[in-house]
Amino acid sequence: MIEDRLQELANVFAIEVAGFAILDSHLHVLVKLEPETATEWSDENVVRRWGKLYPPRGKNRKPLRVTRAWVEQKLADKDLVDKWRSRLSNLGWFMKCLKEPLARLANKQDGCRGAFWQSRFKSIAILDIEALLATCVYIDLNPLAAGIARLPEESKHTSIRTRVQHCRAKGRLADLQAARLGSVAGVKQARGLETGLWLCPIEDRRAQGIKRAGMLEGFSLGSYLLLVDETSRLVRPGKAQVSNEVASMLTRLGTSRETWTETLTKMFSRADTFGVAFTFHRDKLTAMAAKRGCQRLANFNGCPA
């Protein structure tokens, strides 16, 4: 239910879902806020999107079809449309629309009332590329670290499994495997692997004329899977450390094997998260603190650099 709802919301909000892991007691969601996208929507587009979240209701409180008359009525209220536009790019409203209907549905199935979620969500700002990649990997490896999956791609209800399943459905697992080898030919063979996937693409290919933004320019899905696979060895007892091939990849991304290993090991050893931001570089944290008008901010995992 949660995975389906995430996909539904990603198609309504000006918010991309870049990663997720749904476990028995909690979930992790990595999102990319795109408020500039919402500003490009027409007023009618905004109203129809909001109508998918909160459709008109009849006297029996059952949802009704969004009609042209209903849309026209809402369009006449410019302030209301502007408010909805703002909400459609707001993380708080995204989480509200994720949690509320799921809580009602779960309570209905269990025949009970009361709070379903333990508390309000906690958010951490990702400030640089290394932190973004570390967060992606941390989320995708959560079930494996918890001991409920043997391999990353076998972890149910995770973004990494969704990406691999998408490639399988397109009949392109061989292309994905070729991309993991890191060769130029393999990278070319793997182009378009994430086309049509509801998740935010790993590779940002706007420089090649692709309109949709991805997370990392020049970093393919195959490279990401290789990094996840090697990093998974940090949380599997008796397995080797990251290879020289991955160490070279990390150097290109601006970090080192030692820093990566130390950071991810710490992340997986924590029982809970803390901090309001995550960065590998102290200057990014200082800049964000200045922007918020405070002297210091708590970093999610310390500051290696």
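Among the residues of the range 109-127 satisfying the criterion of being part of a loop (DSSP other than H, G, I, E, B) and under 15 Å from the mean Cα position of the chain (by Cα), which is surrounded by the most Cβ atoms within 10 Å (Cβ to Cβ)? In this case the residue turns out to be 127.
Restricting attention to the range 94-136, the residues that are under 18 Å from residue 159 (Cβ atoms), in contact with a Gly (Cβ under 7 Å, 6 or more places away or on another chain) and not β-branched (Val, Ile, Thr) add up to 1. Considering only residues in the range 65-91 that are outside any helix (DSSP H, G or I) and in contact with a Phe, Trp or Tyr (Cβ under 8 Å, 6 or more places away or on another chain), the one that is farthest from residue 34 (Cα to Cα) turns out to be 88. Criterion applied to 34, 44 was being among the acidic types (Asp, Glu), in contact (Cβ under 8 Å) with a residue 24 or more places away in the chain and buried (at least 16 other Cβ atoms within 10 Å of the Cβ), and the one residue passing it is 34. Filter the range 106-133 for residues that are in contact with a helix residue (DSSP H, G or I) (Cβ under 9 Å, 6 or more places away or on another chain) and aliphatic (A, V, I, L, M); which is nearest to residue 2 (Cα to Cα)? The residue in question is 115. Residues that are part of a loop (DSSP other than H, G, I, E, B) and either in contact with a helix residue (DSSP H, G or I) (Cβ under 9 Å, 6 or more places away or on another chain) or under 15 Å from residue 162 (Cα atoms) (or both) within the range 5-25 comprise 11, 12, 13, 14, 23, listed in sequence order. Is it the case that the range 88-97 has a residue that's in contact with a strand residue (DSSP E or B) (Cβ under 6 Å, 6 or more places away or on another chain), closer than 30 Å to residue 140 by Cβ and surrounded by 15 or more Cβ atoms within 10 Å (Cβ to Cβ)? Yes; the residues of the range 88-97 include at least one that is in contact with a strand residue (DSSP E or B) (Cβ under 6 Å, 6 or more places away or on another chain), closer than 30 Å to residue 140 by Cβ and surrounded by 15 or more Cβ atoms within 10 Å (Cβ to Cβ). Only one of the numbered conditions (1) farther than 29 Å from residue 153 by Cα; (2) assigned to a helix (DSSP H, G or I); (3) modelled with pLDDT under 95; (4) not hydroxyl-bearing (Ser, Thr, Tyr) is violated by residue 59, and that is (2).
On the given criteria, is residue 71 among the hydrophobic types (A, V, I, L, M, F, W, C), outside the structural domain of residue 200 (by TED's automatic domain parsing) and in contact with a Cys (Cβ under 8 Å, 6 or more places away or on another chain)? Judged against the criteria, residue 71 is not a match. Residues in the range 50-81 that are among the polar types (S, T, N, Q) and either surrounded by 10 or more Cβ atoms within 10 Å (Cβ to Cβ) or within 23 Å of residue 11 (Cα to Cα) (or both): 67, 73. Return a yes/no flag: does the range 92-105 have any residue that is not in a helix (DSSP H, G or I) and not acidic (Asp, Glu). No, because not a single residue in the range 92-105 is not in a helix (DSSP H, G or I) and not acidic (Asp, Glu). Take the residues in the range 260-286 that are touching a residue at least 40 places away in the same chain (Cβ under 8 Å) and of a type in the set (Gly, Ala, Ser), then tell me which one is nearest to residue 135 (Cα to Cα). Once the filter is applied, the top-ranked residue is 277. One residue stands out in the range 277-298 among those that are within 12 Å of residue 126 (Cα to Cα) and modelled with pLDDT of 85 or more: the one that is surrounded by the fewest Cβ atoms within 10 Å (Cβ to Cβ), namely 288.
The values are calculated or read from the model by the stated rules, or taken from the named source; none is laboratory data. Model, not experiment: these values are computed from the prediction. Cβ coordinates were reconstructed from backbone atoms using ideal geometry, including for glycine residues, and neighbour counts include every protein chain displayed.
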